[in-house]
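The values are calculated or read from the model by the stated rules, or taken from the named source; none is laboratory data. Values in this document were obtained by computation on a predicted structure and should not be read as measured data. All Cβ positions, even for glycine, are placed from backbone atoms using ideal geometry, and neighbour counts span all protein chains on display.
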Amino acid sequence: MHEKKWSFDLPKDDLLLFFEVISAYEKGLFILALSGIRTLIDRYLVKKVGDIGGFERKLKKMLEDKHISKTQYEILNTIIEGGNASNHRGFRPEEEMVKTFLDVVEDIISLDYKTKQFNEFKEQIPKRN
């Protein structure tokens with residue numbers, strides 16, 4: 001099973017979705033996996049900026065609020081468009097694409113969960129004299 005330590009800090013509904021996406025990927029169900037990745041992104045965006053409209057609006061707000069970089073914005077936009085194509089236009093992605101998309105989304109979301117304690121860590125580091 002494709003597990004990451006950070007995933008266990010996810011809210012239960014997101015954790016279940018994460019494991020369903022991994023399961024779909026491991027079974028070669030790449031359309032379902034990509035659709036699930038798109039849903040993971042949507043849930044992440046809503047948690048960060050609220051349910052303020054479609055993907056484009058949420059992504060722009062993420063960029064404006066500096067939750068993501070311009071590069072991450074472009075990457076997430078590409079992944080979302082891939083999910084849209086799978087959901088609405090019959091696009092069946094290849095395994096390599098889905099694996100890359102999944103890895104990138106894991107990295108972006110996990111950075112948020114992995115860095116929650118950084119302010120606490122920062123306070124523990126002795127200041128320079």
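Could you tell me which residue of the range 72-126 is farthest from F19 (Cα to Cα), considering only residues that are outside any helix (DSSP H, G or I) and basic (K, R)?
Among residues in the range 72-126 that are outside any helix (DSSP H, G or I) and basic (K, R), the one farthest from F19 (Cα to Cα) is K116.
Would you call D9 closer than 23 Å to T115 by Cβ and surrounded by fewer than 16 Cβ atoms within 10 Å (Cβ to Cβ)?
yes
May I ask you to list pairs of residues, at least six apart or on different chains, whose Cβ atoms are under 7 Å apart, with the first in the range 73-102 being in contact (Cβ under 8 Å) with a residue 60 or more places away in the chain and the second being among the polar types (S, T, N, Q) and in a helix (DSSP H, G or I)?
P93/S86
Determine which member of the set G90, G50, G28, G82 is of a type outside the set (S, T, N, Q), modelled with pLDDT of 90 or more and surrounded by 15 or more Cβ atoms within 10 Å (Cβ to Cβ).
It is G82.
Step by step: first the residues of the range 93-107, then only those that are surrounded by fewer than 19 Cβ atoms within 10 Å (Cβ to Cβ) and hydrophobic (A, V, I, L, M, F, W, C), then the one that is nearest to the chain's Cα centre (by Cα). Which residue is that?
So the residue we want is V104.
Given the structure, is L34 surrounded by 15 or more Cβ atoms within 10 Å (Cβ to Cβ), of a type in the set (A, V, I, L, M, F, W, C), touching a residue at least 60 places away in the same chain (Cβ under 8 Å) and farther than 21 Å from L111 by Cβ?
Against the criterion (surrounded by 15 or more Cβ atoms within 10 Å (Cβ to Cβ), of a type in the set (A, V, I, L, M, F, W, C), touching a residue at least 60 places away in the same chain (Cβ under 8 Å) and farther than 21 Å from L111 by Cβ), L34 qualifies.
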